[in-house]
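Report on one structure; see the data block that follows.
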Amino acid sequence: MAKPKVLAIHLPQFHPFSQNDKWWGKGFTEWTNVVSAKKLFPGHHQPQLPSDLGFYDLRNPTVQAQQAALAAEYAISGFCYYHYWFSGTRLMKEPIDQILASKKPDFPFCFFWANESWSRRWMGEESNVLIKQEYSEEDDYNHAKWLVKAFKDDRYIKINNRPLFLFYKPFDLPNPQRTIEIFREVCAENGVENPYLVASNSHNKDKNPKDYGFDISLNFETRHHLLWDFNKDGPTFKKLIGNLKQGILSASLKVYPYKLYKERAANLDYNYPGFPCVNVGFDNTARRGKNAVVLKGQNKEDFKESLIWAKEKAEALPEEEQIVFVNAWNEWAEGNQLEPSRKFGHAFLEAVKEVFA
């Protein structure tokens, strides 16, 4: 029997585009935050910096090819690109449009709709909305019509010939069943097989996606609800106690042992089928400063154990559906990346290869 496939979730933000220029300043990219991150406590691994691929611009086809070659070398079967659609406006679209138009790199991919509003949350201004995620039946039709063009790409990942498409906040949809119905209808009208639709359970783990018409869940990580007071800025007693246990004198910092998080995540169970997902780490200091969430002590060995656990979970699914998602390929501002870094080198990629090659 073939081993489960590994799909790495990919953030296509590493290039300037007009909206970010307007909101954050001319020339802003994800690297702007990454390089400015500061250590918050002794031994804190910041800033987290790339090695092999450098501070790349994703509009460069050579970079796209290098990423694909590196992923393939380390037993990753494809990229799951975050997809940003706001009532017909697509953000971070240039690298994706290049990949679709050029048919290069020859590497499998699928889309993960990050359907949420953008705000100045990074700066603690959650109510300051930059672009709002709004929904309508008309927009569902327009969205589906755009997607079918990508679904017809030979590289687009399919399960039993059905194009794989994921929703980040499926239950933010005002009527998930109707959106699903429209997507399936438009695909049928355009000669595309019934899409295989996945609901991430990162924001609502108690709802069974199948009850709403989705095919399966993505058991998304990082699962912040496993961490005490993760959503509370400022000092709390729980944070003080948790930090003191790690030798950190602070009631405000949100620092958690990576190993403890991994153990808690492995013990989660759901009453519905889902793709397993493993995070490489988490530390969004680059975005949130002193209000960051930090998983302290990430390492290859614990990550590899999580991959083995995820592989076993995937093997319990039907053969065509045996997929493990890794979050993420390149979430540098969240300290969550498979890509080679100055500290870890290829360690996390090597763990994937050792488990799945």
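Quick rundown of the values:
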| quantity | calculated |
| --- | --- |
| Whichever residue in region 322-350 is aromatic (Phe, Trp, Tyr) and over 24 Å from residue 29 (Cα atoms) and, among such residues, is surrounded by the most Cβ atoms within 10 Å (Cβ to Cβ) | 325 |
| Meets criteria (under 22 Å from residue 257 (Cβ atoms), surrounded by fewer than 24 Cβ atoms within 10 Å (Cβ to Cβ) and within 16 Å of the chain's Cα centre (by Cα)) for residue 291 | no |
| Subset of region 166-206 (residues that are part of a loop (DSSP other than H, G, I, E, B), more than 16 Å from the chain's Cα centre (by Cα) and either crowded, with 19+ Cβ neighbours inside 10 Å or of a type in the set (A, V, I, L, M) (or both)) | 173, 192, 195 |
| Residues being surrounded by fewer than 20 Cβ atoms within 10 Å (Cβ to Cβ), in a loop (DSSP other than H, G, I, E, B) and in contact (Cβ under 8 Å) with a residue 12 or more places away in the chain - total across region 57-73 | 2 |
| The lone exception for residue 256 - which of (1) within 27 Å of residue 195 (Cβ to Cβ); (2) surrounded by 23 or more Cβ atoms within 10 Å (Cβ to Cβ); (3) among the hydroxyl-bearing types (Ser, Thr, Tyr) it fails | (1) |
| Some residue of region 99-112 being closer than 30 Å to residue 290 by Cβ, out of contact with any Ser or Thr (no Cβ under 7 Å at 6 or more places or on another chain) and among the hydroxyl-bearing types (Ser, Thr, Tyr) | no |
| Filter result for residue 281 (within 18 Å of residue 348 (Cβ to Cβ) and surrounded by fewer than 20 Cβ atoms within 10 Å (Cβ to Cβ)) | no |
| Long-range neighbours under 9 Å by Cβ, at least six apart or interchain, first residue more than 19 Å from residue 334 (Cα to Cα) within region 242-266, second in a helix (DSSP H, G or I) and among the hydroxyl-bearing types (Ser, Thr, Tyr) | 266/306 |
| Any hit, region 260-274, residues being modelled with pLDDT of 95 or more, on the phi < 0 side of the Ramachandran plot and assigned to a strand (DSSP E or B) | yes |
| Some residue of region 132-150 being at positive phi and buried (at least 20 other Cβ atoms within 10 Å of the Cβ) | no |
| Every residue from region 12-39 that is touching a helix residue (DSSP H, G or I) at 6+ places or on another chain (Cβ under 8 Å), in contact (Cβ under 8 Å) with a residue 24 or more places away in the chain and either within 9 Å of residue 92 (Cα to Cα) or not in a loop (DSSP other than H, G, I, E, B) (or both) | 12, 13, 14, 15, 17, 30, 31, 33, 34, 36 |
| Number of the condition not met by residue 102 [criteria: (1) crowded, with 17+ Cβ neighbours inside 10 Å; (2) among the small types (Gly, Ala, Ser); (3) touching a residue at least 40 places away in the same chain (Cβ under 8 Å)] | (1) |
| Filter result (out of contact with any Asp or Glu (no Cβ under 9 Å at 6 or more places or on another chain) and not small (Gly, Ala, Ser)) within region 332-357 | 338, 342, 343, 344, 350, 352, 354, 355, 356 |
| Qualifying residue in region 215-233 (condition: of a type in the set (Ser, Thr, Tyr) and either surrounded by fewer than 16 Cβ atoms within 10 Å (Cβ to Cβ) or in a helix (DSSP H, G or I) (or both)) | no |
| Pair list, Cβ under 9 Å, 6 or more apart: region 185-208 residue on the phi > 0 side of the Ramachandran plot, other residue assigned to a helix (DSSP H, G or I) and surrounded by 14 or more Cβ atoms within 10 Å (Cβ to Cβ) | 191/148 |
| Within region 79-96, tally of residues that are touching a residue at least 60 places away in the same chain (Cβ under 8 Å) and either in contact with a helix residue (DSSP H, G or I) (Cβ under 7 Å, 6 or more places away or on another chain) or part of a strand (DSSP E or B) (or both) | 7 |
| Single match in 99, 76 (criterion: in contact with a strand residue (DSSP E or B) (Cβ under 8 Å, 6 or more places away or on another chain), part of a helix (DSSP H, G or I) and among the β-branched types (Val, Ile, Thr)) | 99 |
| Looking only at region 75-99, and only at residues there that are among the hydrophobic types (A, V, I, L, M, F, W, C) and within 25 Å of residue 322 (Cβ to Cβ), the one that is surrounded by the fewest Cβ atoms within 10 Å (Cβ to Cβ) | 75 |
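Here is a yes/no grid of residues against (1) in a strand (DSSP E or B); (2) within 24 Å of residue 82 (Cα to Cα); (3) modelled with pLDDT of 95 or more; (4) in contact with a strand residue (DSSP E or B) (Cβ under 8 Å, 6 or more places away or on another chain):
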| residue | (1), (2), (3), (4) |
| --- | --- |
| 278 | yes, yes, yes, yes |
| 288 | no, yes, no, no |
| 301 | no, no, yes, no |
| 312 | no, no, yes, no |
| 325 | yes, yes, yes, yes |
| 349 | no, yes, yes, no |
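The values are calculated or read from the model by the stated rules, or taken from the named source; none is laboratory data. The structure displayed is predicted, hence computed values, not measured ones. Glycine also receives a Cβ, built like all others from the backbone with ideal geometry; neighbour counts cover every protein chain displayed.
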